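Below is one structure; the comments refer to it alone.
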Amino acid sequence: MKVLIVGGGGREHAIAVSMKKSKRVDKIYCVPGNAGIAQIAECDPSIGVMEFDKIVAYAKEKAVDLVFVAPDDPLVGGLVDVLEAAGLRAFGPNKAAAILEGSKAFSKDLMKKYNIPTAAYETFDDPEKALAYLETAPMPIVLKADGLALGKGVLICNTLEEAKAGVKEIMMDKHFGSAGNRMVIEEFMTGREVSVLSFVDGKTIRIMSSAQDHKRAKDGDQGLNTGGMGNFSPSPFYTEEVDKFCKDHIYQATVDAMAAEGRPFKGVIFFGLMLTPKGPRVLEFNARFGDPEAQVVLCRMKNDIMDVVDACIDGTLDKVELEFEDKAAVCVVLASDGYPVSYKKGFEIKGLENFEGKEDYYCFHAGSKFDDQGRVVTNGGRVLGVTAKGATLKEARAKAYEATKWVDFENKYMRTDIGKAIDEA
């Protein structure tokens with residue numbers, strides 16, 4: 001088979017590595033790709049993920065058998081529909097189903113309608129009404145831009161003043177663009193966050209391994225929200241009891257709800273969960289692999305990824321049993337200092353060769369490219385996802401942090417406490 005992956009980050013690199021392991025894949029293409037993905041795939045950096053016509057033309061020119069759409073923007077924008085209309089086989093939810101991530105108001109309303117446990121909330125189109133509501137709301141409180149905001153459109157406000165400033169930021173100043181035309185205000189929940197990825201074929205769901213992200217830029221969960229500064233899998237807080245509750249009340253219920261709404265979901269659903277004192281609650285849905293969740297989950301999956309992808313598309317997932325190595329994985333993101341606000345790019349990345357031939361070690365590229373001299377240089381806020389597997393989470397963490405020393409670039413920055421919660425488990 002020939003496969004085209006749409007995307008250019010660490011998630012897509014992890015998907016490409018899984019594809020390369022597949023006995024059924026001979027050739028991998030990627031648009032736009034990055035310098036790491038280019039080691040195992042033919043990339044065309046001139047094609048952006050939202051250039052649907054160019055992607056269709058490229059897929060036809062290369063006569064690919066499958067297009068794997070990885071990022072949120074093209075999924076919510078309807079790339080899968082466009083590909084299928086052009087006669088191409090595509091993996092990922094269509095536009096009608098991707099609204100599960102594309103609109104927080106939609107997903108909250110869906111959960112309310114089908115009794116899927118989540119935080120209490122209200123939705124607002126008018127900033128004045130939102131401000132009036134806040135006057136009587138308990139603090140702290142959570143404000144969410146309705147649309148896609150690169151994982152950053154969520155504000156946790158401790159005081160009324162902060163909340164009012166948040167409404168201004170999201171709805172008036174449009175800090176997150178049109179994503180802030182509508183806003184969800186929801187109750188603040190306490191507990192541990194856990195991410196659970198799943199494959200879905202429209203009716204059947206298969207759960208992958210649990211993971212735990214670190215969204216804040218700085219140690220001790222301080223600083224601004226980012227796309228993710230590191231991850232570990234599995235989460236020791238995702239117990240058998242939690243798993244049973246989620247299977248009984250959340251996972252299949254979500255798949256059934258989408259089908260009942262005439263929006264059958266095929267692809268990957270990411271469940272962002274909060275383990276509250278009253279039980280697990282859904283924080284958010286994503287309509288695709290998380291980043292860096294994919295980096296710590298896919299490297300442990302034993303199944304041939306193409307068998308699972310085909311089953312999702314063809315509606316035969318009930319015949320597939322997912323298998324994962326009895327190992328743990330930890331990913332530490334090496335970022336550009338100053339991320340997520342402002343940072344410099346274009347620094348040469350040195351030491352990448354140190355990962356070659358090393359079992360249980362991965363260096364997933366998130367923001368890299370080749371410069372005019374053919375050197376690999378930094379090209380984003382998150383640059384690399386250094387990932388290691390170990391017999392235990394503590395071993396995996398020690399190996400991942402050791403491996404962060406193997407590679408270097410100017411303005412390299414990372415959190416030093418990824419997976420620290422493991423010590424409390």
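A few remarks follow.
- Being in a loop (DSSP other than H, G, I, E, B) and open to solvent by less than 20 Å² (accessible area, probe 1.4 Å) holds for only one residue in G87, G147, and it is G147.
- When we screen Y401, Y362 for residues that are outside any strand (DSSP E or B) and within 24 Å of the chain's Cα centre (by Cα), the only hit is Y401.
- Residue match in segment 75-96 (condition: touching a residue at least 40 places away in the same chain (Cβ under 8 Å) and among the polar types (S, T, N, Q)): yes
- Scanning segment 232-266 for residues that are in contact (Cβ under 8 Å) with a residue 60 or more places away in the chain and acidic (D, E) yields a total of 2.
- Failed condition for N115, given (1) modelled with pLDDT of 95 or more; (2) over 18 Å from N286 (Cα atoms); (3) touching a strand residue (DSSP E or B) at 6+ places or on another chain (Cβ under 6 Å); (4) surrounded by fewer than 22 Cβ atoms within 10 Å (Cβ to Cβ): (3)
- A120 farther than 20 Å from Q252 by Cα and either among the aliphatic types (A, V, I, L, M) or buried (at least 23 other Cβ atoms within 10 Å of the Cβ) (or both): yes
- Of everything in segment 412-425 that is open to solvent by 40 Å² or more (accessible area, probe 1.4 Å), within 15 Å of L334 (Cα to Cα) and of a type outside the set (K, R), the residue that is nearest to the chain's Cα centre (by Cα) is M414.
- N379 vs. criteria open to solvent by 50 Å² or more (accessible area, probe 1.4 Å), under 21 Å from E12 (Cβ atoms) and in contact (Cβ under 8 Å) with a residue 40 or more places away in the chain: yes
- The residue that is least open to solvent (accessible area, probe 1.4 Å), among those in segment 273-329 that are farther than 20 Å from S233 by Cα and free of Cβ contacts under 8 Å to residues at least 12 places away in the same chain, is D310.
- All of A294, A253 fail the test of being in a helix (DSSP H, G or I) and over 10 Å from the mean Cα position of the chain (by Cα), apart from A253.
- Whenever a residue of segment 147-174 is on the phi > 0 side of the Ramachandran plot, its partners that are surrounded by 14 or more Cβ atoms within 10 Å (Cβ to Cβ), lying with C-beta atoms within less than 7 angstrom and at least six residues away or across chains, give the pairs L150/G227; G151/G227; K174/G180.
- Across segment 23-56, the qualifying residues are those that are more than 26 Å from L352 (Cα to Cα) and aliphatic (A, V, I, L, M), and the one among them that is most open to solvent (accessible area, probe 1.4 Å) is M50.
- So A16, is it open to solvent by 20 Å² or more (accessible area, probe 1.4 Å) and among the small types (G, A, S): no
The values are calculated or read from the model by the stated rules, or taken from the named source; none is laboratory data. This is a predicted model, so every value here is computed, not measured. Reconstructed Cβ throughout: ideal geometry from the backbone, glycine too, with neighbour counts over all protein chains shown. Heavy atoms of the whole protein, side chains included, go into the accessibility calculation; ligands, DNA and RNA do not. Shrake-Rupley method; radii C 1.70, N 1.55, O 1.52, S 1.80 Å.
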